[in-house]
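The values are calculated or read from the model by the stated rules, or taken from the named source; none is laboratory data. Please read these numbers as outputs of a predicted model, since none were measured by experiment. All Cβ positions, even for glycine, are placed from backbone atoms using ideal geometry, and neighbour counts span all protein chains on display. In case anyone asks, the SASA skips ligands and DNA or RNA and just uses the protein heavy atoms, side chains included. Shrake-Rupley method; radii C 1.70, N 1.55, O 1.52, S 1.80 Å.
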Amino acid sequence: MANRVDINVNMIPWSIQRAGFELHEFIQNTPMIKDWIDQRKKPTVKQLETFSNKVHLPFGYFFLAEPPVEELPIPFFRTGKGKTDTVSLNVYDTILLLQNRQEWLTDYLLENDFPPLDYVGSYKSEFDAKKIAENIREYLDINPKWAFRFKTKYETLNYITQKIENLGIVVSFNSIVENNPYRPINVNDCRGFVLVNQIAPFLFVNSGDTKSAQLFTLIHELAHVWIGQSAGFDFRDFMPADDPIELLCDKVAAEFLVPHNLFNKMWETPEDIERMATKFKVSPIVIGRRALDFGEISKSDFFEFYNNYIKEIANIPKPKSSGGSFYSNSKKRIGLLFAAHINQAVKQNQLLYRDAFRLTGLKGKTYDKFISEHF
């Protein structure tokens with residue numbers, strides 16, 4: 001007979017709702033759960049393991065006296081609103097995943113005498129978006145026209161990502177929790193987040209977004225590093241939350257991607273929006289907003305353009321993604337800078353393979369092949 005275990009049955013409804021399921025629907029689809037809640041039956045170890053995997057909760061939680069208090073470790077902002085205390089479980093788990101990586105990397109870099117990054121928080125008392133954007137470009141060693149040389153947004157994004165990682169900032173692109181395709185991260189829930197510290201800042205960008213949106217999110221997050229504040233955001237339609245820092249980072253990103261002086265040289269009429277968007281590798285919405293900010297179009301004209309544009313792209317069928325190779329996806333999900341530190345730590349006997357597997361989400365031969373392909 002299978003061994004049955006005593007659990008805290010009060011944890012079951014909490015765990016189901018925490019995972020985003022409707023309690024009555026979940027119980028209807030899995031009738032044995034009702035028996036556990038009503039204490040008519042106890043679960044077997046195997047049944048409890050299966051259930052814990054389904055609700056994305058560690059097995060041991062069901063033996064706790066009460067549900068733990070789970071708080072977001074960073075502020076999270078909603079477009080048109082302020083800070084929120086709740087995000088989807090998939091977003092929450094991804095924040096914790098990258099926070100765990102950051103904690104390891106910070107300790108590793110300190111142990112190996114890496115110095116603090118002087119640009120982190122260097123503009124925490126500065127509210128001039130132009131100055132911040134210029135300083136970021138200086139550190140990245142690029143000029144205001146840097147995006148003009150690339151043919152595609154894909155090339156543009158790859159180039160600036162490498163430049164950012166060269167500064168010691170880890171960049172992760174993903175649209176699922178680690179490598180789990182059954183746990184998607186909806187763009188409307190989270191476009192990105194940034195974990196800031198002086199040693200190892202981490203940026204996360206939702207790769208399910210358009211390339212132009214990913215680029216804007218990435219630079220918005222980079223501004224957070226210069227200002228020295230962690231945050232997450234849904235950033236719907238390139239609109240920030242009603243928060244002074246979010247508004248500032250939005251302005252920095254806009255100035256970095258579409259500098260005011262270049263805009264003035266290129267703008268003639270509203271017909272230029274699409275042409276300029278192609279040149280700067282940004283969304284037409286960004287160009288339209290810059291035109292509004294600089295008084296080239298009225299607010300009513302901007303929102304007419306904005307609404308028409310949203311309707312147009314909503315009717316365009318989304319191309320089916322091939323998914324890409326697992327190893328190229330892993331490169332983006334983990335970030336080459338983080339993977340390089342993991343590889344070096346393993347070689348120096350400062351990190352066990354089992355911990356390298358845990359930190360990268362890659363195991364055994366999969367880990368070996370990934371490392372051999374990139375280092």
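Listed by first and then second residue, the pairs with beta-carbon distance under 8 Å, at least 6 apart or on different chains, first residue in the range 346-375 and farther than 19 Å from Asn174 by Cα, second part of a helix (DSSP H, G or I) and among the acidic types (Asp, Glu), are Gln350/Glu111.
Taken over the range 259-272, the criterion of being more than 20 Å from Leu157 (Cβ to Cβ) and open to solvent by less than 10 Å² (accessible area, probe 1.4 Å) is satisfied by Phe263 alone.
Would it be correct to say that Pro144 is within 24 Å of Ser122 (Cβ to Cβ), open to solvent by 40 Å² or more (accessible area, probe 1.4 Å) and either outside any loop (DSSP other than H, G, I, E, B) or not hydroxyl-bearing (Ser, Thr, Tyr) (or both)? For Pro144, the condition - within 24 Å of Ser122 (Cβ to Cβ), open to solvent by 40 Å² or more (accessible area, probe 1.4 Å) and either outside any loop (DSSP other than H, G, I, E, B) or not hydroxyl-bearing (Ser, Thr, Tyr) (or both) - is met. Scan the range 330-345 for residues that are touching a residue at least 60 places away in the same chain (Cβ under 8 Å) and open to solvent by less than 40 Å² (accessible area, probe 1.4 Å) and the total you get is 7.
Return the total of residues in the range 249-271 being more than 12 Å from Ile219 (Cα to Cα) and either touching a residue at least 24 places away in the same chain (Cβ under 8 Å) or in contact with a Phe, Trp or Tyr (Cβ under 7 Å, 6 or more places away or on another chain) (or both).
So the count comes out to 8.
Test Leu203 against the criterion of being more than 30 Å from Asn264 (Cα to Cα) and within 15 Å of the chain's Cα centre (by Cα), and give yes or no. For Leu203, the condition - more than 30 Å from Asn264 (Cα to Cα) and within 15 Å of the chain's Cα centre (by Cα) - is met. All of (1) touching a residue at least 40 places away in the same chain (Cβ under 8 Å); (2) open to solvent by 50 Å² or more (accessible area, probe 1.4 Å); (3) assigned to a strand (DSSP E or B) hold for Phe173 with one exception: (2).
Residues that are in contact with an Asp or Glu (Cβ under 8 Å, 6 or more places away or on another chain) and of a type in the set (Gly, Ala, Ser) are absent from the range 162-173 altogether. Screening Asp93 against (1) under 27 Å from Asn180 (Cα atoms); (2) loosely packed, with under 14 Cβ neighbours inside 10 Å; (3) acidic (Asp, Glu) leaves a single unmet condition, (2).
Every residue, every condition in (1) of a type outside the set (Gly, Ala, Ser); (2) open to solvent by 20 Å² or more (accessible area, probe 1.4 Å), yes or no:
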{"site": "Ala129", "(1), (2)": "no, no"}
{"site": "Glu138", "(1), (2)": "yes, yes"}
{"site": "Tyr159", "(1), (2)": "yes, yes"}
{"site": "Glu165", "(1), (2)": "yes, yes"}
{"site": "Val177", "(1), (2)": "yes, no"}
{"site": "Pro184", "(1), (2)": "yes, yes"}
{"site": "Val205", "(1), (2)": "yes, no"}
{"site": "Phe216", "(1), (2)": "yes, no"}
{"site": "Glu221", "(1), (2)": "yes, no"}
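Please specify each residue of the range 130-160 satisfying the condition of being within 17 Å of Pro259 (Cα to Cα) and among the charged types (D, E, K, R). Within the range 130-160, Lys130, Lys131, Glu134, Arg137, Glu138, Asp141, Lys145, Arg149 meet the criteria.
Of all residues in the range 16-45, those that are more than 22 Å from Val177 (Cβ to Cβ) have Cβ atoms under 6 Å from Cβ atoms of residues that are open to solvent by 70 Å² or more (accessible area, probe 1.4 Å) and part of a loop (DSSP other than H, G, I, E, B), 6 or more apart or on another chain, in Asp35/Lys41; Val45/Asn3. Here are the criteria: (1) open to solvent by 70 Å² or more (accessible area, probe 1.4 Å); (2) within 24 Å of Phe193 (Cβ to Cβ); (3) touching a residue at least 24 places away in the same chain (Cβ under 8 Å); (4) not basic (Lys, Arg). Tell me which single one Val286 does not satisfy. Condition (1) is where Val286 drops out.
Looking across Ile169, Ile245, one residue alone is aliphatic (A, V, I, L, M) and touching a His at 6+ places or on another chain (Cβ under 8 Å). It is Ile245. Reported count of residues in the range 55-97, each being touching an Asp or Glu at 6+ places or on another chain (Cβ under 8 Å), closer than 27 Å to Val171 by Cβ, assigned to a helix (DSSP H, G or I) and free of Cβ contacts under 8 Å to residues at least 60 places away in the same chain, is 1.
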